């Protein structure tokens, strides 16, 4: 019994040795690391055709609507806040965990800015491609919309103006929801 215990202890000590120094374990196991762009902070993406048509709807033409959202700066803040609320929302946080939040905040801000008619261009992917294989459910989409509404309320966007943006976004759910 004592010999078996000593042998088990010796085997355990061998297994617990420090890993070899100077070994690049990421390279050994084929782990690819992506470097963030030093200017934007975004991760690289595969090339795709950029077009305002990818925003999913035509923009409004209303200076008042743009003002109601606080201009371009207000729109960008609302988009960023929506992402922040969604990252912290236990119902949908897992969906956001593996994604580039810097890029998402930028492209969501561009999309909102374009749709509201504040003169921005949208450089993101179309909705179906951007959300492919994410497994987004109707409940997930509802949670995201709740977070967007909360962000708009925090920014004191009038209810009628909120509904105008939501009216542009709602038809896109068919391209995003997969199950």
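Apply 1/(1 + (r/R0)^6) to the Cβ-Cβ distance of residue 87 and residue 154, taking R0 = 22 Å, and write down the FRET efficiency to the nearest 0.05.
The pair residue 87/residue 154 has a calculated efficiency of 0.90.
Please arrange 48, 114 by how many other C-beta atoms lie within 10 Å of their C-beta, fewest to most.
Listing 48, 114 from fewest to most nearby Cβ atoms yields 48, 114.
Which number comes out as Rg/Rh for the range 48-137 once both Rg and the Kirkwood Rh are worked out on C-alpha atoms? Working shown, then result.
Values: Rg = 13.5 Å, Rh = 13.7 Å.
For the range 48-137, the value is 0.98.
How many nm separate the modelled label positions at residue 58 and residue 170, each set 7 Å beyond the Cα in the direction of the Cβ?
1.9 nm
As an exercise, use a Förster radius of 22 Å and the Cβ-Cβ distance of residue 37 and residue 121 to find the FRET efficiency, rounded to the nearest 0.05.
After rounding, the FRET efficiency stands at 0.75.
Give the Rg (one decimal place) followed by the Dmax (whole number) of the chain, computed from C-alpha coordinates and expressed in Å.
Calculated on Cα positions, Rg and Dmax stand at 23.2, 85 Å.
Let's test the formula: R0 of 22 Å, r as the Cβ-Cβ distance of residue 25 and residue 98. What FRET efficiency results, to the nearest 0.05? If you can, show how the numbers build up before the last one.
Details: r = 21 Å, r/R0 = 0.94.
The formula returns an efficiency of 0.60 here.
Could you let me know the centre-to-centre spacing of the range 70-103 and the range 18-66, using Cα atoms, in angstrom?
With the range 70-103 and the range 18-66 each reduced to a Cα centre, they are spaced 15 Å.
Could you please rank 96, 29, placing first whichever residue has the fewest other Cβ atoms within 10 Å of its Cβ? Before the final figure, lay out each step's value.
Numbers: 96 18, 29 7.
Result, fewest neighbours first: 29, 96.
From the Cα trace of the range 126-166, what convex hull volume per residue do you get, rounded to a whole Å³?
81 Å³
I want to verify a result. In a Gaussian network model of the chain, Cα cutoff 10 Å, which of these has the top mean-square fluctuation: 151, 139, 98?
For the chain, modelled as a Gaussian network with Cα springs under 10 Å, the answer is 98.
No lab work stands behind these numbers, since they all come straight from the coordinates. Keep in mind that this is a model prediction, so the values were computed, not measured. So basically every Cβ, Gly included, is an ideal-geometry build from the backbone, and we count neighbours across all protein chains shown.
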